[in-house]
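S.K.: Please find one structure pasted underneath; my questions will follow.
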Amino acid sequence: MARIVKGGLIQCSNPINDESLPVAEIQKAAFDKHLPMIEDAGKQGVQVLCLQEIFNGPYFCPSQDARWYDATEPVPGPTVEALQPIAKKYEMVICVPIYEREQAGVYYNTAAMIDADGSYLGKYRKQHIPHTSGFWEKYFFKPGNLGYPVFQTRYGKIGVYICYDRHFPEGARLLGLNGAEIVFNPSATVAGLSQYLWKLEQPAHAVANGFFMGCINRVGTEEPWNIGRFYGSSYFVDPRGEFLAEASEDKDELITAEMDLDVIEEVRRVWQFYRDRRPETYAAMCELLP
């Protein structure tokens, strides 16, 4: 019997870009905008759903404004707890990317995983943190320290990579070696030099590692930073690198796709990358600088 899993991705514009408002009010507006879309996913029978990077607010990293530290929360914490009953109601796994407070002054870009029974399974912390014009992420985030976990959910084994992580094949390989069948990459990416890579790197990860990927990007522009247009184009891709579903560049959307997890076994019997890899020859990769 085929293992068919219905996946969903939500791409969404930020509803409030007014720096005069309290951070908590801006966050509430973003959460409230997502809520009916999350409910719609459940009503459509989505079994595994992923939201975009730091979904409950704007992408504030073009600033270096300490007020955005107020956007942090424990994981698990209020946002996860608010979504757990919805996950249980619809028997839907939800990947929830939020800004995590570990302790005073220690903050991570994190994705929490909620299982279909509403239980909290664990979290992934973004490993690779960019720091360049418009993306001052090291001001806000400490690099992740939890490795590359894979979560055994009711419907399959799910891993997470976050935004800039996608440029690094090593973590994608580790997710595959850890047993991931579906890898989500929630992002906040604007049009520019790397846009063409959006549909290049992640299908390549899916092929090289023999898993499905769900890749999410927000849409719209966000005042007052104006670093560019978030170009959406969220999609699902299978282990052959074939696109299963794709969203627009500019609309708030829920996209869905059916993933046959048995295809992983089928593809890996043809493309024997795990059999033929030579880890004993790769040690220099961890020794060479830079």
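S.K.: What's the total number of residues in region 124-164 that are of a type in the set (Asp, Glu) and touching a Lys or Arg at 6+ places or on another chain (Cβ under 8 Å)?
M.R.: 0
S.K.: Could you tell me how many of the residues in region 205-244 are surrounded by fewer than 18 Cβ atoms within 10 Å (Cβ to Cβ) and of a type in the set (Asp, Glu)?
M.R.: Qualifying residue count, region 205-244: 2.
S.K.: In addition: Suppose we filter region 187-204 for residues that are under 18 Å from residue 108 (Cβ atoms) and either in a strand (DSSP E or B) or of a type outside the set (A, V, I, L, M) (or both); how many remain?
M.R.: 1
S.K.: Now a separate question. Which of the residues spanning region 124-141 are in contact with a helix residue (DSSP H, G or I) (Cβ under 9 Å, 6 or more places away or on another chain), part of a loop (DSSP other than H, G, I, E, B) and in contact (Cβ under 8 Å) with a residue 60 or more places away in the chain?
M.R.: 140
S.K.: Turning to a different aspect of this structure: Of everything in region 136-170 that's among the acidic types (Asp, Glu) and over 13 Å from the mean Cα position of the chain (by Cα), which residue is surrounded by the fewest Cβ atoms within 10 Å (Cβ to Cβ)?
M.R.: 170
S.K.: Among the residues of region 179-196, write down those that are in contact with a Lys or Arg (Cβ under 8 Å, 6 or more places away or on another chain) and over 25 Å from residue 99 (Cβ atoms).
M.R.: Hits for region 179-196 are 179, 181.
S.K.: Consider region 142-186. How many of its residues are out of contact with any Leu (no Cβ under 7 Å at 6 or more places or on another chain), closer than 22 Å to residue 210 by Cβ, outside any loop (DSSP other than H, G, I, E, B) and of a type outside the set (Lys, Arg)?
M.R.: Number of matching residues: 16.
S.K.: What is the number of the single condition among (1) farther than 29 Å from residue 21 by Cβ; (2) acidic (Asp, Glu); (3) assigned to a loop (DSSP other than H, G, I, E, B) that residue 249 does not meet?
M.R.: Unmet condition: (1).
S.K.: Let me ask something else about it. If you check residue 114 against the conditions, is it more than 22 Å from residue 59 (Cα to Cα) and in contact with a Leu (Cβ under 8 Å, 6 or more places away or on another chain)?
M.R.: The answer is yes for residue 114.
S.K.: Would you call residue 133 at pLDDT below 95, farther than 18 Å from residue 9 by Cα and exposed (fewer than 15 other Cβ atoms within 10 Å of the Cβ)?
M.R.: yes
S.K.: Of everything in region 245-270, what is surrounded by fewer than 16 Cβ atoms within 10 Å (Cβ to Cβ) and over 30 Å from residue 35 (Cα atoms)? Give them in sequence order.
M.R.: 262, 265, 266, 269, 270
S.K.: Within region 145-201, track down each residue that is modelled with pLDDT under 95 and among the small types (Gly, Ala, Ser).
M.R.: Within region 145-201, 191, 192, 194 qualify.
S.K.: Need at least 1 residues that are in contact with a Lys or Arg (Cβ under 6 Å, 6 or more places away or on another chain) and either modelled with pLDDT of 95 or more or surrounded by fewer than 21 Cβ atoms within 10 Å (Cβ to Cβ) (or both) per element, so show me which strands (runs of 3 or more DSSP E) inside region 30-123 make the cut, counting only ones lying wholly within it.
M.R.: Because the criterion is at least 1 residues that are in contact with a Lys or Arg (Cβ under 6 Å, 6 or more places away or on another chain) and either modelled with pLDDT of 95 or more or surrounded by fewer than 21 Cβ atoms within 10 Å (Cβ to Cβ) (or both), the strands (runs of 3 or more DSSP E) in region 30-123 that meet it are 106-114.
S.K.: Something else: Looking at region 145-171 only, could you name the residues that are of a type in the set (Val, Ile, Thr) and without any contact (Cβ under 8 Å) to a residue 60 or more places away in the chain?
M.R.: Answer for region 145-171, where residues must be of a type in the set (Val, Ile, Thr) and without any contact (Cβ under 8 Å) to a residue 60 or more places away in the chain: just 150.
S.K.: Let me ask another. If you scan region 176-217, which residues turn out to be among the β-branched types (Val, Ile, Thr) and farther than 23 Å from residue 149 by Cβ?
M.R.: Passing the criteria: 189, 190.
S.K.: Moving on to the next point. Search region 4-21 for residues that are basic (Lys, Arg) and pair each with any residue that is surrounded by 16 or more Cβ atoms within 10 Å (Cβ to Cβ) and assigned to a loop (DSSP other than H, G, I, E, B) when their beta-carbon atoms are under 9 Å apart and the residues are at least 6 apart or on different chains.
M.R.: Final answer for the pair search is 6/46; 6/47; 6/155.
The values are calculated or read from the model by the stated rules, or taken from the named source; none is laboratory data. Just so it is clear, the model here is predicted, and its values are computed rather than measured. Positions of Cβ are backbone-derived with ideal geometry, glycine not excepted, and every protein chain shown enters the neighbour counts.
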